[in-house]
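All remarks here apply to the structure that follows.
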């Protein structure tokens, strides 16, 4: 379960989410992520219920050609490439 809330430098008025997104339980999406293009530019940001490639595979790669996904390590406050 994932949701994209930001595209490049602006927040989306209508966030994009996975088919299994549950509006009744958005608190399950605890993992901040960002997807980048081949040059390292941040294209999308959002939240996921698990640290998986699903947002990249389902949305980032087919819609913009994003090449990697990073998750924020909440303990170190650093982004880590999956």
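Please state, as a whole number in µm²/s, the translational diffusion coefficient that the Stokes-Einstein equation yields for the chain at 10 °C and 1.306 mPa s, with Rh defined as the Kirkwood radius across alpha carbon pairs. Spell out each step's value before the answer.
Details: Rh = 12.6 Å.
Calculated translational D: 127 µm²/s.
What's the center-to-center distance, using Cα atoms, between the stretch 32-56 and the stretch 1-18 in Å? Cα centroid of the stretch 32-56 versus Cα centroid of the stretch 1-18: 11 Å apart. Our Cα-only numbers for the stretch 30-70 put the radius of gyration and Dmax at 9.1, 27 Å.
One decimal place: the segment residue 67-residue 42 gains 8.0 nm when fully extended, by the rule 0.36 nm per residue minus the C-alpha distance.
Rule-based calculations on the coordinates, nothing more; no lab input. Just so it is clear, the model here is predicted, and its values are computed rather than measured.
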